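The values are calculated or read from the model by the stated rules, or taken from the named source; none is laboratory data. Model, not experiment: these values are computed from the prediction. Backbone-built Cβ (ideal geometry, glycine too); neighbour counts: all protein chains shown. We work out accessible area using only protein heavy atoms, side chains counted, and drop any ligands, DNA or RNA first. Shrake-Rupley method; radii C 1.70, N 1.55, O 1.52, S 1.80 Å.
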Amino acid sequence: MRSVSRAAALLLSLFVHALTLAFMAVGCWIIWANARLAVFWLIGLLLIGIGVLLLPRARRLPADAEVLGRSAAPELYAAAERVARAMGVEPPETLAVCDLAVATEVLRAGRRRVLLIGLPPWLVLSPRQRVVLLARAYAAEPDDGRIVGGALAGLAVWRESLLRGKEAPGRSDVHTRIGATLGSAGTPSGAYAGMGTMGRGLGAVLGLPVLALEWALTRLVQAARGDAAAEELQRVRRVATDAELAELDGLLRDGRFLAPVQAAALRGQSAAEIRAAARDRTDAGDRADAGDRADTPEPEDGLLTAGASERIDAELSGHFARAIKGFGLIS
């Protein structure tokens, strides 16, 4: 069933991409065949614009993300690679940090696989919790593929820009691309604005088919993922216990780590002081729960020692110092 859903999702995605190319081809043909009539320019540019909007785009890093060079954070790169190899997955090519993001995730930015680390939780997690966080990020890496993922992204752009009248991401470059392709000198004045108006009208007419395509493709992708949650858990269990996973999930889900960090930042404490206080709280909790953990197997050693974790803190000290100034903005 899962393989059938994958095949169906791939076929539907290819259909979406074929529609994208068809819009652009028909638009170019209409302009070429009726170059002297302004109304056909509007229609042709409209179809080309829709095609350009639906073209698959590589995901970009968030604007506030900062890429770390390997020479600037060798210990962090080494830890990320050790955890990846212990799980049997490919290590990320690039690491980046985000000052105010809570999530840690692996994403594709262009052709690179990037591990994006949110600094607020990373600041307060113990070495072992950092390993579990990395493991969860690797296991949760999306695997829809470029064809299916591109189709979903294109349909989302259509829905947001045409059906709801919002400006689409990248819409500002559409006119530039059209001009570069066809030559903007012959484009009638006001053609781009007219194309936008006609596009919203066409979006209202074709709204139901677009929503149906997106709904069907989303359901097929979800069905194809089928046992992904179970597989994800099995991968994480190669380096973490269920108790460690539950502890980390509770800490991040409930936001228990955030209030003490925000209060410390408002008091003007440094990153080192905030981390020391978090370590004291963790040690106190470990002593309180020592009896309950008597039968818990020891976690795998060597992935991130206390010394290596401290060296990572030193590598990120400048980033931490900058990030804590904005912790009060996190909700």
Practice task
Answer yes or no: is there a residue in segment 58-71 that is exposed (fewer than 14 other Cβ atoms within 10 Å of the Cβ), over 28 Å from A103 (Cβ atoms) and of a type in the set (A, V, I, L, M, F, W, C).
Solution key: no
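Return the residue satisfying two criteria in turn: it lies in segment 285-329 and is β-branched (V, I, T) and more than 28 Å from the chain's Cα centre (by Cα), and of such residues it is modelled with the lowest pLDDT.
Within segment 285-329, the match that is modelled with the lowest pLDDT is T296.
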Fill in the blank from the handout: Selection from segment 96-114 of residues more than 22 Å from L152 (Cβ to Cβ) and open to solvent by less than 40 Å² (accessible area, probe 1.4 Å) yields A96, V97, C98, D99, A101, T104
Handout entry: Residue that is modelled with the highest pLDDT, among those in segment 134-143 that are closer than 18 Å to E247 by Cβ and open to solvent by 10 Å² or more (accessible area, probe 1.4 Å)
Key = R136
Handout entry: Extreme residue, modelled with the lowest pLDDT, among residues of segment 201-235 that are surrounded by fewer than 14 Cβ atoms within 10 Å (Cβ to Cβ) and charged (D, E, K, R)
Key = D227
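From the list L100, L76, L42, which residue is in a loop (DSSP other than H, G, I, E, B) and either in contact (Cβ under 8 Å) with a residue 12 or more places away in the chain or over 22 Å from G118 (Cβ atoms) (or both)?
Numbers: L76 fails: in a loop (DSSP other than H, G, I, E, B); L42 fails: in a loop (DSSP other than H, G, I, E, B).
Checking each option against the conditions leaves just L100.
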Practice task
Kindly check whether there is at least one residue in segment 111-125 that is assigned to a loop (DSSP other than H, G, I, E, B), closer than 22 Å to P62 by Cα and modelled with pLDDT of 90 or more.
Solution key: no
Completion exercise
Checked E93, E81 against criteria (touching a Pro at 6+ places or on another chain (Cβ under 6 Å) and open to solvent by 20 Å² or more (accessible area, probe 1.4 Å)); the one match is E81
